[in-house]
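Here, each number is a calculation from the coordinates, and none is a lab measurement. Note that this is a predicted model, so its numbers are computed, not measured. Cβ coordinates were reconstructed from backbone atoms using ideal geometry, including for glycine residues, and neighbour counts include every protein chain displayed.
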Amino acid sequence: MISELTVTSHPQSRLKQFASALSVGREMAKTKEQLAEDKIVAMDMRLKALNIEGFGSEELRKKAEEFWDRIVRLESDKYDLEERQKRQEYDVIDYFSHTYFPTIYIFCDFYSS
């Protein structure tokens, strides 16, 4: 006899899951032009207008240095995160290989000596 499995979750959370699944489906159904338009809208919301009218050469130089420092900091953070991801991927692979395939390492150690 197969018993029916009932999941006791809050109706709101199930509604959120359903809405999330619908939004993912809509995103996948969009054309390249629609995705490009969405990207432009998102960038417009994120980027602030650069008001540099009336700036002298010294003020423009300071603003450029600020942007350069920000770019360097962001690139450094990006590199650190990429290296962290590589290390974590290696750790996961290493963990699973030792957990699920320990005989492979024993075999390799036997022949390496």
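Data for the structure
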| read-out | value |
| --- | --- |
| Nearby aspartates and glutamates by direct alpha-carbon distance to LYS78 (threshold 15 angstrom, same-chain neighbours under 8 apart not counted) | ASP69 |
| Cross-link partners of LYS39 among lysines (Cα-Cα below 19 Å; sequence separation of 8 or more within a chain) | LYS30, LYS48 |
| Among 50-58, 35-43, the order from most to least packed when residues are scored by Cβ within 10 Å on average | 35-43, 50-58 |
